[in-house]
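Data first, discussion second: the structure below is written as structure tokens.
The values are calculated or read from the model by the stated rules, or taken from the named source; none is laboratory data. These numbers were taken from a predicted model, which means no experiment stands behind them. Quick reminder, even Gly has a Cβ in these numbers, built from the backbone with ideal geometry, and neighbours come from all protein chains shown.
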Amino acid sequence: MVDTLLSSLTKILGPENVILGDGLNDRYDHVWNMEAPLKAKAVVIPFHAEQISEIMASCNACKQPVIVHGGLTNLVGSTESTIDDLVISMEMFNSILEVDKSSRTMTVQSGVILQNIQEAAQSNDLFFPLNFGAKGSAQIGGCISTNAGGLRVLRYGMTRNLVLGLEVVLPDGTILSSIKKILKDNSAYDLKQLFIGSEGTLGIVTKAVLRLQELPKSRNSAFVAFNDFEKIINFLKFIDKGLSGALSGFELIWKSTFQKLTTPPSLLKAPMPYDYNFYVLIESLGADQMKDKSIMQNLMEQALENELIEDGILADSEADLNWFWNIREDVGVIDNAYPASQHFDVSLPIPEIGDYVDKVILNLKTDLNITDAFAFGHMADGNIHFIVGKDSDDKKLREAINDIIYSPLTALKGSVSAEHGIGLHKKHKLPICRTAEEIQTMKLIKRTLDPNNILNRGKVLDI
């Protein structure tokens, strides 16, 4: 049956687009794991949705497991494969098909790199606000499949809010197409929402219509310092109200994290002294650079006068803007310092964040003797990231760390994943933030659309 399937795939794609044997040695399952050859039965490289439709129909007929590879930047094992899996690479789905300035939309294939979408929008005096550190590698199909978040969710929402239409190939090869540019469509079920955030378990995204915004004409940022977490919450309300909806970023960095990000081997220097417990990086996007900068400066002066903040520094140039945001985005300097670091992205109600992080860091130290735990994140979205630094990849230690970070979230009505997804690594933690009834309903949807369980098998749900 294997030879029959591979023969069929070769007929569909041509032998040059079916990679076998030693050809897999140059491929990998993650951008952080490039030294390990890819484990797969084969990699196939389609060029259009009709080819994927034929591939899926053939795989469904013989119950062949399939995994989709995009930019390979996910952090939860969604693209990990075995020698029994067929990998579909979306690398040739890399065309921007249309930028419609009148409807403020962009139609793209799912393999287009996020940064290329941002640049194409900007060249048309438009703006695609989705933004995060891996933008130079991540493909939009992966962003859609994981409902990616990032640095501007506060103002523009998750990926779900930025997608107007999708083309998706279902596990049986059916092409489901709703490539629409309209904002309002209440004609029964909004099927595209099933696939946004489903992590490739229900269908393969091949094309998308993205919602664009008018290009902001100003961008201003500032670092602000605090010693009291409660003041951060008060400042968030103050600055958001004062900027009248222009606040687009509010990134909280704990002191130990700020120090790690701004001392060697990092090439970045600290714009403020290490005298405070918390540092917040804010961003506003607007229409008049000088006017908007003056507004932010006045608000910061008021905040200082009213003792809402301890200190602050405003970016004075484009170079300052890049410097400030590179500090926040270059968390790789932390990851690179520890051979077995663990990453977390949790969400919880904003008022609970301070106590939760304090308890997590204390428990890591007292229970496991781990002193290097670095917290930061999109506080205004309730999303906090941890990087736990350690040298050992011992399985028991990993699980003990997981328990310390995840266990409190049920009582807090939080989530084990704010934006990275569930994938393979977190699926056993899903009951922490989803009820049994919710999980059973998810399984029902999966079994309905993929009765042979071939698409991203073993990811997200135990089926």
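Among the residues making up the range 91-111, those that are closer than 23 Å to Cys59 by Cα and free of Cβ contacts under 8 Å to residues at least 60 places away in the same chain are Glu91, Met92, Gly111.
Counting only residues that are surrounded by 16 or more Cβ atoms within 10 Å (Cβ to Cβ), farther than 22 Å from Asn227 by Cα and touching a strand residue (DSSP E or B) at 6+ places or on another chain (Cβ under 7 Å), the range 288-320 holds 2 of them. Suppose the filter is more than 28 Å from Phe386 (Cα to Cα), in contact (Cβ under 8 Å) with a residue 40 or more places away in the chain and surrounded by fewer than 21 Cβ atoms within 10 Å (Cβ to Cβ); does Ile463 pass it? Answer is no for this residue.
Could you grab me the full set of residues in the range 383-397 that are assigned to a helix (DSSP H, G or I) and surrounded by fewer than 16 Cβ atoms within 10 Å (Cβ to Cβ)? Lys395, Lys396 - these are the residues of the range 383-397 that are assigned to a helix (DSSP H, G or I) and surrounded by fewer than 16 Cβ atoms within 10 Å (Cβ to Cβ). Of the residues making up the range 118-163, those that are within 16 Å of Glu214 (Cβ to Cβ), in contact (Cβ under 8 Å) with a residue 60 or more places away in the chain and hydrophobic (A, V, I, L, M, F, W, C) number 4. Which of the residues belonging to the range 94-141 are under 22 Å from Ile52 (Cβ atoms), touching a helix residue (DSSP H, G or I) at 6+ places or on another chain (Cβ under 9 Å) and either crowded, with 18+ Cβ neighbours inside 10 Å or of a type in the set (Asp, Glu) (or both)? Passing the criteria: Met106, Val108, Gln109, Ser110, Gly111, Val112, Ile113, Leu114, Ile117, Ala138, Gln139, Ile140.
Scanning the range 5-35 for residues that are at positive phi and part of a loop (DSSP other than H, G, I, E, B) yields a single hit, Gly14.
Determine, yes or no, whether Gly200 is of a type outside the set (Ser, Thr, Tyr), touching a Leu at 6+ places or on another chain (Cβ under 8 Å) and in a loop (DSSP other than H, G, I, E, B). Against the criterion (of a type outside the set (Ser, Thr, Tyr), touching a Leu at 6+ places or on another chain (Cβ under 8 Å) and in a loop (DSSP other than H, G, I, E, B)), Gly200 qualifies. Selection of the range 259-277 for residues being farther than 21 Å from Leu321 by Cβ and either assigned by TED's automatic domain parsing to the domain that holds Asp381 or surrounded by 13 or more Cβ atoms within 10 Å (Cβ to Cβ) (or both) yields Gln259, Lys260, Thr263, Tyr274, Tyr276, Asn277. From the list Val333, Val360, the one residue that fits, being touching a residue at least 24 places away in the same chain (Cβ under 8 Å), buried (at least 21 other Cβ atoms within 10 Å of the Cβ) and under 22 Å from Glu419 (Cα atoms), is Val360. Pro431 falls short on exactly one of the conditions (1) at pLDDT 95 or above; (2) in the same structural domain as Tyr356 (by TED's automatic domain parsing); (3) touching a Leu at 6+ places or on another chain (Cβ under 8 Å), and that condition is (3). Considering only residues that are among the aliphatic types (A, V, I, L, M) and assigned to a strand (DSSP E or B), which ones fall in the range 220-278? Passing the criteria: Ala222, Val224, Ala225, Leu247, Leu252, Ile253. Taking first residues from the range 266-280 that are aromatic (Phe, Trp, Tyr) and partners that are loosely packed, with under 15 Cβ neighbours inside 10 Å, the Cβ contacts under 8 Å between residues at least 6 apart in sequence or on separate chains come to Tyr276/Asn227; Phe278/Asn227. Once the range 179-216 is narrowed to residues that are surrounded by 15 or more Cβ atoms within 10 Å (Cβ to Cβ) and free of Cβ contacts under 8 Å to residues at least 60 places away in the same chain, the residue that is farthest from Arg104 (Cα to Cα) is Phe195.
Here Lys192, Lys237 are screened, and the one residue that is more than 28 Å from His48 (Cβ to Cβ) and among the basic types (Lys, Arg) is Lys237. Between Val76, Val87, Val2, which is out of contact with any Asp or Glu (no Cβ under 7 Å at 6 or more places or on another chain), buried (at least 21 other Cβ atoms within 10 Å of the Cβ), modelled with pLDDT under 95 and of a type outside the set (Asp, Glu)? Result: Val76 is the single residue among Val76, Val87, Val2 that is out of contact with any Asp or Glu (no Cβ under 7 Å at 6 or more places or on another chain), buried (at least 21 other Cβ atoms within 10 Å of the Cβ), modelled with pLDDT under 95 and of a type outside the set (Asp, Glu). Note on the range 36-75: residues that are under 30 Å from Ala340 (Cα atoms) and in a helix (DSSP H, G or I) amount to 0.
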